[in-house]
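One structure is given here, and the rest of the page talks about it.
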Amino acid sequence: NKIVNENKVVGWRSYSGQKYYFQDNGKLFRNTTKVIDKHKWKFNSIGQATDLGEVKYGTVSIEYVDTEGNPILNGKVLANNVEEDTPYNYDVTKDPYAAKLNTNIWRLKKVQKNNQDVSTNPVISGKVVPGKVVYKFVYEKVTSDIRVKYVGTGQEETLDNGGKGYEIGKKVKVSPKQIPGYHTD
């Protein structure tokens, strides 16, 4: 066994003008595609190698921003320095991390790819390309709370419509709290 291990062939070997690659276990790669030395190689049924070219790598990341471009959640990386043509798929509505954005407070307005508007669809998919691709899920605020400051009293309160907030752009009628010695106009 020691003699076999000391004399086993590992790595590239050429025979009759063809290239072959022996694995650590001494067997040839066959009927497969492998990346070796930054090149993609296709191996046929008898182990002959064909160079498919240099492999390029890419990254796909996601940012969650408001309509002003301010981050509203930390971003995430979908594919980090992976081989080009690797497929990716992401649905923001099924991501538990982004679930707090899928409420009555925020609404997805658009999706951008490298700062270009691409859709309003919450699902992105494709294949990794060389370099970096950044998707931005742009949200607009649909509802908000009302902060009331009672001048001269040092008192403040937040009105939140029972936790639902108030729809932005709509007229709202609220009743201020009663403070002894003060009246409302």
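The values are calculated or read from the model by the stated rules, or taken from the named source; none is laboratory data. Note that the structure is predicted; figures quoted are calculated from it, not measured. Every residue, glycine among them, receives a Cβ derived from its backbone with ideal geometry; neighbour counts consider all protein chains shown. Accessible surface areas use protein heavy atoms only, side chains included; no ligands, DNA or RNA. Shrake-Rupley method; radii C 1.70, N 1.55, O 1.52, S 1.80 Å.
Name the residue that is modelled with the highest pLDDT, counting only residues in the stretch 144-185 that are among the hydrophobic types (A, V, I, L, M, F, W, C) and open to solvent by 80 Å² or more (accessible area, probe 1.4 Å).
Residue satisfying both the conditions and the ranking: Val151.
Can you run down the residue pairs with Cβ atoms below 6 Å, 6 or more apart or on separate chains, where the first is in the stretch 71-100 and within 10 Å of Lys127 (Cα to Cα) and the partner is among the charged types (D, E, K, R)?
Glu84/Lys56; Asp85/Lys127; Pro87/Lys127
Give me the pairs: first residue in the stretch 124-153 and within 23 Å of Ile72 (Cβ to Cβ), second residue assigned to a loop (DSSP other than H, G, I, E, B) and of a type in the set (Asp, Glu), beta-carbon distance under 7 Å, and six or more apart or on different chains, which are they?
Matching pairs, first to second residue: Asp145/Asp160.
Can you pull out the strands (runs of 3 or more DSSP E) entirely within the stretch 1-83 that have at least 3 residues that are over 30 Å from Tyr139 (Cβ atoms)?
11-15, 18-22, 32-36, 39-43, 49-54
For the stretch 105-121, enumerate the residues that are closer than 16 Å to Asp66 by Cβ and either in contact with a strand residue (DSSP E or B) (Cβ under 7 Å, 6 or more places away or on another chain) or assigned to a strand (DSSP E or B) (or both).
Those that are closer than 16 Å to Asp66 by Cβ and either in contact with a strand residue (DSSP E or B) (Cβ under 7 Å, 6 or more places away or on another chain) or assigned to a strand (DSSP E or B) (or both): Ile105, Trp106, Arg107, Leu108, Lys109, Lys110, Val111, Gln112, Asp117, Thr120.
Looking at the structure I just gave you, is Asn115 over 30 Å from Trp41 (Cα atoms), within 19 Å of the chain's Cα centre (by Cα) and loosely packed, with under 14 Cβ neighbours inside 10 Å?
Yes.
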